[in-house]
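FYI, it's all coordinate maths here, none of it is from the lab. All of these numbers come straight from a predicted model, not from anything done at the bench. Because the Cβ atoms are built from the backbone with ideal geometry, glycine has one as well, and the counts that use them run over all protein chains shown.
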Amino acid sequence: MPEELYRKKEYQSLLLKTLGDSPKLRIIDFFLDNPLFDFTKKEVIEALGMSKQTFYKYFKDLEKYGIVTVSRRIGKANLYKINLENPMVKMLKEYEIQLSLQIAEQEKAKMQKPVAVEMTK
């Protein structure tokens, strides 16, 4: 079930591992993970396993500062997606890329360390 990806600690993104597991950041992270799709508020709440009260408390700021925007309307429901033109969103995407590259370099360095081999007679 894909919702597990947003609920379990072992599946946390680099963004959440390094900057913290705050509700606001979890919402941003969800949208960053799905930049090509738009979602209703209900879909985001369900995917994150977050209470409505907590979601609405933080989501209004994300709308206010243009981090998420209404992409279209279906009936009475607004659908939202991440605003890839927002400076904060650009910064967070770049941060995640740079962090991934740093971790990849560290892993590469670990793999390239010579391993001592004992010879037996």
Sort out for me the Cα centre separation of the stretch 13-69 from the stretch 87-114, rounded to whole Å.
-> 23
Using amide H atoms built 1.01 Å from N in the peptide plane, name the residues 5+ places from S71, or on other chains, whose amide H lies under 5 Å from its own.
-> L79, Y80, K81
Given the rule -39500 (n - 2.57) for each run of at least 4 DSSP H residues, summed and divided by the residues of the chain, what is its mean residue ellipticity at 222 nm, to the nearest 500 deg cm²/dmol?
-> -17000 deg cm²/dmol
Per residue of the stretch 57-70, in order, report the coupling 6.51 cos²θ - 1.76 cosθ + 1.60 (Karplus, θ = phi - 60°) as ³J(HN,Hα) in whole Hz, putting x for Gly and Pro.
-> 4, 9, 5, 4, 5, 5, 6, 4, 8, x, 6, 10, 9, 6
Peptide ranges 99-105, 23-29, 53-59, 41-47 listed from the most packed, as the mean C-beta count within 10 angstrom indicates | 23-29, 41-47, 53-59, 99-105
Beyond 15 Å, what share of the Cα-Cα pairs of the stretch 32-74 remains, rounded to the nearest whole percent?
-> 45
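Based only on the alpha carbon positions, what is the Kirkwood hydrodynamic radius of the chain, in angstrom?
16.4
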